[in-house]
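Structure first, commentary second.
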Amino acid sequence: MRIGELAEASSTTTKTLRFYEEAGLLPAPNRTASGYRDYDPDVVARLNFIRRSRTAGLSLAQIREVLDIRDSGSAPCQHVHELLEDRLAGLDRQIAELQALRRTVAQLRDAATSVEPADCDPVLVCRYL
């Protein structure tokens, strides 16, 4: 399968495929006599895994780790479970930080209920912040 065909089959771009190959996410493809990349059809499944992993928020380095484990002949499921646990904990931290930020912004907004430009000290820029 040539690179353009693979790009179409995997709903990606040839530029992305070259990047993934360079980053070690895709194995180096065979080459035709004229030097064109000739990918195995099973690369589509690998690209689908990469897409699902990116959707879950895994980094390219983490995805490469998982693929390296699989390519060595081992099942990466335990490693994936740990990555997802870490990702979930990170999301929980981000959500808590965003909730705290929302409370702060709501308090500042509530304190700014009466806008009186004459009461603003130019040195402070704005008394609400």
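Could you give the distance between the Cα centres of the range 79-129 and the range 1-72, to the whole Å? When both Cα centres are located, 39 Å separates them. Debye-formula intensities of the chain, expressed as log10 I(q)/I(0) at q = 0.12, 0.13 Å⁻¹, are -0.64, -0.68 (one equal scatterer per alpha-carbon, no solvent). Backbone amide hydrogens, once placed in the peptide plane, bring L26 within less than 5 Å of E21, excluding anything fewer than 5 places away on its chain. Within the listed set A111, A75, A100, the residue fluctuating most in the Gaussian network model of the chain (springs between alpha-carbon atoms under 10 angstrom) is A111. Dividing the summed helix terms, -39500 (n - 2.57) for each DSSP H run of n ≥ 4, by the number of residues in the chain produces a 222 nm estimate of -19500 deg cm²/dmol to the nearest 500. Stretching the chain fully between D38 and L124 yields a gain of 24.5 nm (0.36 nm per residue, less the alpha carbon separation).
Taking a ≥ b ≥ c as the square roots of the eigenvalues of the Cα gyration tensor, an a/c ratio of 1.5 or more together with a/b larger than b/c marks the range 76-129 as prolate.
From least to most packed, judged by other beta carbons within 10 angstrom and beginning with the fewest, Y36, Y20 follow the order Y36, Y20.
By the Stokes-Einstein formula, at 1.567 mPa s and 4 °C, the range 1-75 with its Kirkwood radius over alpha-carbon pairs has D equal to 102 µm²/s.
Bear in mind that the values in this text are calculations on the coordinates, not laboratory data. Quick caveat, the model's predicted, so the values are computed rather than measured. As a convention, Cβ positions derive from the backbone with ideal geometry for all residues, glycine included, and neighbour counts pool all protein chains shown.
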